[in-house]
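Taking it in order: structure first as structure tokens, then the write-up.
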């Protein structure tokens, strides 16, 4: 039985200077299925973006990077769709404009089970989605974390009804969570974003899971977590026509799968913001 996740972090310019961090796997029924998906992904695909780190570097540099990424995507999308009138993003705090561009991603990229025919624009739209969330991440505190994905791996596996009891919306620094892989937004996303553009069918609670995961190097607990729960529950109460019989407690948070052994050393991670390998023992 597997017990630990090992992630090797490295600086691409000094690839022999490796920092290995161990994470102890949780004891819940989601974990063995998730580890199997990671192993399956690694036999067929490389990690999409080993440098997908958030919250490192100065605030100013993160803002500049986030705006450059999203506006590069917008430029390319406008070439294919000149009818899109919305302008470029100039402020990472402009949530309304970020919501609009996320809606563009949803419409032209398609939802998880409704992908359009292959198009050269699909990778740009996928990057737009990531760029929107990078802007939001910076605007909401630039909390340090990194995400590991294998987008090519088909997203065909669904959570079991009993899995939702293991979801958590409080965590300590160094917790690993399965990443959200639906295309759309959860109840929590909608509550925070106040998205007025999203179509009803783009409300996508957690159903599918894959190998993708996120390591959060910051804590979220106590009063902050309770305020978030209150925000989400209040939003749900005000918008039950959108959600129907779906219950707010059904999937509040994310499924945790591992915890860092020891304490987070952000300086070591910051100097090696690249995932060299992911392994289990």
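Restricting attention to region 2-32, which residues are within 10 Å of residue 280 (Cβ to Cβ) and exposed (fewer than 15 other Cβ atoms within 10 Å of the Cβ)?
2, 3, 4, 6
Which condition from (1) over 23 Å from residue 134 (Cα atoms); (2) surrounded by fewer than 17 Cβ atoms within 10 Å (Cβ to Cβ); (3) modelled with pLDDT of 95 or more is the one that residue 35 breaks?
Failing condition for residue 35: (2).
This table checks each residue for (1) outside the structural domain of residue 235 (by TED's automatic domain parsing); (2) surrounded by fewer than 16 Cβ atoms within 10 Å (Cβ to Cβ); (3) within 15 Å of the chain's Cα centre (by Cα); (4) modelled with pLDDT of 95 or more.
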| residue | (1), (2), (3), (4) |
| --- | --- |
| 92 | yes, no, no, yes |
| 109 | yes, no, no, no |
| 116 | yes, yes, no, no |
| 131 | yes, no, yes, yes |
| 135 | yes, no, yes, yes |
| 160 | no, yes, no, no |
| 164 | no, no, no, no |
| 172 | no, yes, no, yes |
| 183 | no, no, yes, no |
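So, of the residues in region 143-154 that are in contact with a helix residue (DSSP H, G or I) (Cβ under 9 Å, 6 or more places away or on another chain) and modelled with pLDDT under 95, which turns out to be surrounded by the most Cβ atoms within 10 Å (Cβ to Cβ)?
Ranking the candidates gives 153 first.
Residue 59 versus (1) surrounded by 13 or more Cβ atoms within 10 Å (Cβ to Cβ); (2) within 21 Å of the chain's Cα centre (by Cα): which is the lone unmet condition?
It fails just one condition, (1).
Can you name the condition, by its number, that residue 97 falls short on among (1) free of Cβ contacts under 8 Å to residues at least 60 places away in the same chain; (2) more than 23 Å from residue 185 (Cα to Cα); (3) surrounded by 15 or more Cβ atoms within 10 Å (Cβ to Cβ)?
Going through (1) free of Cβ contacts under 8 Å to residues at least 60 places away in the same chain; (2) more than 23 Å from residue 185 (Cα to Cα); (3) surrounded by 15 or more Cβ atoms within 10 Å (Cβ to Cβ) one by one, residue 97 breaks only (2).
Conditions tested, residue by residue: (1) closer than 22 Å to residue 38 by Cβ; (2) at pLDDT 95 or above.
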position	(1), (2)
247	no, no
250	no, no
255	yes, yes
258	yes, yes
263	no, no
271	no, yes
275	yes, yes
278	yes, yes
281	yes, yes
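Residue 173 fails exactly one of the following numbered conditions: (1) part of a loop (DSSP other than H, G, I, E, B); (2) within 20 Å of residue 24 (Cα to Cα); (3) in contact with a helix residue (DSSP H, G or I) (Cβ under 6 Å, 6 or more places away or on another chain). What is the number of that condition?
Of (1) part of a loop (DSSP other than H, G, I, E, B); (2) within 20 Å of residue 24 (Cα to Cα); (3) in contact with a helix residue (DSSP H, G or I) (Cβ under 6 Å, 6 or more places away or on another chain), only one is false for residue 173: (3).
Yes/no per residue for (1) farther than 25 Å from residue 165 by Cβ; (2) in contact with a helix residue (DSSP H, G or I) (Cβ under 7 Å, 6 or more places away or on another chain); (3) in a strand (DSSP E or B):
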| site | (1), (2), (3) |
| --- | --- |
| 16 | yes, no, yes |
| 24 | no, no, yes |
| 27 | no, no, no |
| 32 | no, no, no |
| 42 | yes, no, no |
| 61 | yes, no, no |
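Only one of (1) closer than 19 Å to residue 179 by Cβ; (2) free of Cβ contacts under 8 Å to residues at least 40 places away in the same chain; (3) not in a helix (DSSP H, G or I) is not met by residue 50, so which one is it?
Result: residue 50 fails condition (2) only.
Does residue 70 satisfy being surrounded by 13 or more Cβ atoms within 10 Å (Cβ to Cβ), part of a helix (DSSP H, G or I) and at pLDDT below 95?
Answer is no for this residue.
Please tell me if residue 188 is more than 26 Å from residue 104 (Cβ to Cβ) and either modelled with pLDDT under 95 or over 19 Å from the mean Cα position of the chain (by Cα) (or both).
Here the answer is no, as residue 188 does not meet what is asked.
When region 52-107 is examined, which residues are found to be at positive phi and in contact with a strand residue (DSSP E or B) (Cβ under 8 Å, 6 or more places away or on another chain)?
Scanning region 52-107 gives a single hit, 55.
The values are calculated or read from the model by the stated rules, or taken from the named source; none is laboratory data. This structure is a prediction, so every number in the text was calculated from the model and none was measured. Ideal geometry is used to build each Cβ from the backbone, glycine not excepted, and the neighbour counts take in all protein chains shown.
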